[in-house]
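The values are calculated or read from the model by the stated rules, or taken from the named source; none is laboratory data. For clarity, every value in this text was computed on a predicted model and none was experimentally measured. Every residue, glycine among them, receives a Cβ derived from its backbone with ideal geometry; neighbour counts consider all protein chains shown.
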Amino acid sequence: MPSSLLRLLRLRLPQAAAHLGMKIVGFDPMLTPEAALKLPAHETTLVESIDELADKVDFVSLHTPYIKGVTHHMINDDFLARLPAHAHILNFARGEIVDSDAMVKRFASGATGR
């Protein structure tokens with residue numbers, strides 16, 4: 001997928017989801033409070049940690065760069081255990097953001113939305 005399309009998708013996905021009646025919950029460890037105020041108002045709720053997301057979402061859309069030690073296996077056993085069984089993960093990120101072994105275990109348990 002071309003990077004320009006990914007960029008458009010990342011910018012438009014919250015807007016499209018809001019139009020579908022979804023409540024948007026976001027997490028960005030690099031986002032400053034000042035920058036957050038400049039975000040388009042889609043009634044987005046920002047949370048302080050990725051763990052807070054797990055309890056609040058039906059869909060997880062990943063749009064983060066791989067940063068060793070920061071985003072490595074950000075989606076792991078702990079996160080997946082807190083995620084509702086019906087939840088879906090859309091991974092538009094690169095690198096090892098998602099722990100593949102943890103995802104395989106989740107699929108094998110039948111707990112991931114299909």
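Any chance the stretch 22-37 includes a residue that's among the acidic types (Asp, Glu) and either at pLDDT below 85 or out of contact with any strand residue (DSSP E or B) (no Cβ under 8 Å at 6 or more places or on another chain) (or both)? Yes - at least one qualifying residue is present in the stretch 22-37.
Take ILE50 and decide whether it is without any contact (Cβ under 8 Å) to a residue 60 or more places away in the chain and touching a strand residue (DSSP E or B) at 6+ places or on another chain (Cβ under 7 Å). No; evaluated as a whole, the condition is false for this residue.
Among the residues of the stretch 83-95, the one identified as more than 10 Å from VAL57 (Cβ to Cβ) and touching an Asp or Glu at 6+ places or on another chain (Cβ under 9 Å) is HIS86. Would you check if ALA102 is of a type in the set (A, V, I, L, M, F, W, C), surrounded by fewer than 16 Cβ atoms within 10 Å (Cβ to Cβ) and over 20 Å from PRO14 (Cβ atoms)? Spelling it out, it is not the case that ALA102 is of a type in the set (A, V, I, L, M, F, W, C), surrounded by fewer than 16 Cβ atoms within 10 Å (Cβ to Cβ) and over 20 Å from PRO14 (Cβ atoms). Across the stretch 55-85, the qualifying residues are those that are more than 23 Å from ALA17 (Cα to Cα) and either part of a helix (DSSP H, G or I) or polar (S, T, N, Q) (or both), and the one among them that is modelled with the lowest pLDDT is THR71.
Just one of (1) within 26 Å of LEU20 (Cβ to Cβ); (2) modelled with pLDDT of 85 or more; (3) surrounded by 13 or more Cβ atoms within 10 Å (Cβ to Cβ); (4) over 11 Å from the mean Cα position of the chain (by Cα) fails for HIS88. It is (4).
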